[in-house]
Amino acid sequence: MKLQRIAPVAVAALTALLCVSCFELVVSLNPWFDADSAVADPRLAGSWCLDDDESDCSEDERMVFAPGPGESWNVFVQGKLRHRVWLAEIDGVRYLDWMFLCEPSRNTEEDDCKELDFGLGTHLLTQITWQEDDFIEFRLLEEEAFAELLEFRLDPLEYGKTADGLVVMAGSDELHALIAEDGRCHELWTEATLALTRQRGRP
């Protein structure tokens, strides 16, 4: 069932860091899969950038993956915690769940917690299409196709529309089952891909 009104959630981009403002995005209020399904992959540790030309990757764009609670990864930008990420393999396909976090100021200095593009605690799912030690290619959910899936499946899931995409209300168990059933459907994912490249010589 589609919800007509929801609490405002600013859905504009995966922050300036993951420059994806050209996409209408799909986020969830809950993790996209059960945390028990998360798998540890030590290849994620280290410094990554969206730009495959290391000379063009600025400090503002660089993401540092460090082990987090359980099988998760903490992602730092400019030394500040910005995301918690889980990797899972569901029906032979790998996914990354990006949770949007904010590290508040611990003193009188200003922080940007109130200016984040996403609501705190929301989750963005990406499907990994290629992974090597130093390279990860992934796609985002395609907003229109995913909305049709949610609306017309036999057991519709609740979601809300924003100016920039969808916010899905379902619980993690329902989302996990949905991804297991339909995640391989090519039409659910954007044609365009994004890629992370490891920054050698970086922490």
Pick out, in residue order, every one of the trypsin sites (Lys or Arg not before Pro) in the range 138-185 that is DSSP loop and has at most 12 other C-beta atoms within 10 Å; say none if there are none.
153
With +1 on each Lys and Arg Cβ and -1 on each Asp and Glu Cβ, how big is the dipole of the range 73-203 about its Cα centre, in debye rounded to the nearest 20?
660
Rounded percent of accessible protein surface that carbon and sulfur make up, the range 76-201, 1.4 Å probe:
47
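The values are calculated or read from the model by the stated rules, or taken from the named source; none is laboratory data. Just so it is clear, the model here is predicted, and its values are computed rather than measured. So basically every Cβ, Gly included, is an ideal-geometry build from the backbone, and we count neighbours across all protein chains shown. In case anyone asks, the SASA skips ligands and DNA or RNA and just uses the protein heavy atoms, side chains included. Shrake-Rupley method; radii C 1.70, N 1.55, O 1.52, S 1.80 Å.
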